[in-house]
Structures are given as structure tokens and as C-alpha cells.
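Taking it in order: structure first as C-alpha cells, then the write-up.
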Amino acid sequence: MFDVTKLEWTREPESYDIKENKIEIITKPHTDLWQRTYYHFRNDNAPVLQMKTSEKFFSFIVKTEFESKHRFDQCGVVMYLNSDNWLKGSIEYENEDFQHLGSVATNHGYSDWATTAIDASVKSMWYRLSRREDDFCIECSEDGVHFSQMRICHMWDATDEIRFGIYACSPEDSSFKATFTNMEITECKWLAHDGQQPDKEEK
């Protein structure tokens, strides 16, 4: 059973509802997570709800449902350390035709954004965030059973205790309801690499 009482707000939204098996967040306009890259814009005011752990190997699973309707409306999974170091995975609404299914890794104050286009009719997505020490994997799934890799990345400041959880925001003049259910913490589902061996360090 996922213990919602362990979750703490990094930034608390004005409107939300937390139950044992469901969390709802109503976003406010002009809320976002982004740092510098491409157009030097910075915004660090999205609601983030997380728990702390020093566990080096685990997976966090969550189902999202969303009523997004305006450009960049988004909600998903997050590992937020501070304004300059964080990782998120979500769907960002674009227009009536398509959305961006993607992820952002922000290290030392610079964000990147990796995306793929999906149909705008998609209004639900599962995410799985996995940690192997200071490396992370984000996966997505439409049914909560079969997950596909979105990103593998290194987070330079995720060396010991981290915080992870959920977020929702509306970067432009918009507001929508994001619903989070089926939250679960498991053993690490991102298995150790079984192919090429690591390079041996020269002595």
C-alpha cells in the first residue's frame, strides 16, 4: 500500500485533494518547470508533491488522468532536488491534433527536452520512474502493464537522499485538473545491464 502521508509539498497549489488512493491537483496559470536552455527562460513554480528516500534501487509507478486543453498543460512524474536539478516525465498538450510525450532532465541549471508526438485524444498515461544509484530511467505505459523506455539519464546531484513524486502545471494562461492514482513503490524494475561490461579503470 502506498502511504500518501509521506508525501510533502515542495510547492503547494491553492486547490488540491489528497485521498488514500487518489490525488487531484487543479493547476494555476503560468506555472512551470524549466531552466535556461534554448531561450533563456526560467520558471520554477510548479506544484510538486514528493517523498524522501535514501534507497538507491527502486521504482515508482503512477497513473495520470488529465483534462488538459491548452498549450503546454502537463502532469506526470518528477524527481525534484532543487530549482537547478530535477527530472520530469509527462505529456504536454500542444493543440487539437497532437501532444508531446516527453521528459526533461535538468542538471546544474540547464534543461533538455526529449519528446515524441502522440495523438491529442490521449488523456491518460502511466509512468514508471526507476533509480539505480545516481542514474534514472523514465518509462511510460497506456495500460500499466507494458512499459516503454522514454529516457535514461544521469543526475549529478542525486548522490544520496532524493525526493520523488508527482507534479502538474500550466505554463500559459490555463488551468486543468490532474488526477493521480495507482501509486506504487516496488523493487527496481529497471534491471542491471546484461550486455557490454563496464570499462576497467586504468591503474
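The values are calculated or read from the model by the stated rules, or taken from the named source; none is laboratory data. Being a predicted model, the structure only gives us computed values, none of them experimental. Note that each Cβ is placed from the backbone with ideal geometry, even for glycine, and that neighbours are counted across all protein chains shown. Protein only, heavy atoms only, side chains kept; ligands, DNA and RNA dropped before computing areas. Shrake-Rupley method; radii C 1.70, N 1.55, O 1.52, S 1.80 Å.
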Quick check on segment 112-121. Is at least one of its residues without any contact (Cβ under 8 Å) to a residue 12 or more places away in the chain, of a type in the set (S, T, Y) and over 14 Å from G76 (Cβ atoms)? yes
Can you spot a residue in segment 24-40 that is over 16 Å from the mean Cα position of the chain (by Cα) and assigned to a strand (DSSP E or B)? yes
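Being touching a helix residue (DSSP H, G or I) at 6+ places or on another chain (Cβ under 9 Å) and more than 19 Å from Y80 (Cβ to Cβ) is the filter here, so list the residues in segment 5-21 that pass it.
Across segment 5-21, the qualifying residues are K19, E20, N21.
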Of the listed residues (V104, V122), the one being within 24 Å of E184 (Cβ to Cβ), out of contact with any Ser or Thr (no Cβ under 7 Å at 6 or more places or on another chain) and of a type in the set (A, V, I, L, M, F, W, C) is V122
Selection from segment 147-177 of residues that are in a strand (DSSP E or B), over 22 Å from H108 (Cβ atoms) and hydroxyl-bearing (S, T, Y): S148, S170
Note on segment 7-54: residues closer than 20 Å to D173 by Cβ and among the small types (G, A, S) are S15, A46
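On the given criteria, is K88 under 18 Å from E8 (Cβ atoms), assigned to a strand (DSSP E or B) and open to solvent by 70 Å² or more (accessible area, probe 1.4 Å)?
No: the conditions fail for K88.
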Which one is surrounded by the fewest Cβ atoms within 10 Å (Cβ to Cβ), of the residues in segment 57-72 that are closer than 25 Å to N43 by Cα and among the charged types (D, E, K, R)? K69
Provide a single number: the residues in segment 126-181 that are in contact (Cβ under 8 Å) with a residue 60 or more places away in the chain, under 21 Å from Y93 (Cβ atoms) and loosely packed, with under 15 Cβ neighbours inside 10 Å. 2
Inspect segment 49-57 for any residue being modelled with pLDDT under 95 and at negative phi and give the result as yes or no. no
Pull up segment 182-191, narrow it to residues that are open to solvent by less than 50 Å² (accessible area, probe 1.4 Å) and in a strand (DSSP E or B), then point me to the one that is farthest from Y127 (Cα to Cα). T186
On the given criteria, is I26 surrounded by 17 or more Cβ atoms within 10 Å (Cβ to Cβ) and either in contact with a Pro (Cβ under 7 Å, 6 or more places away or on another chain) or free of Cβ contacts under 8 Å to residues at least 24 places away in the same chain (or both)? yes
Condition first: out of contact with any helix residue (DSSP H, G or I) (no Cβ under 6 Å at 6 or more places or on another chain), open to solvent by less than 80 Å² (accessible area, probe 1.4 Å) and not hydroxyl-bearing (S, T, Y). Now tell me which residues in segment 42-56 satisfy that. N43, D44, N45, A46, P47, V48, L49, Q50, K56
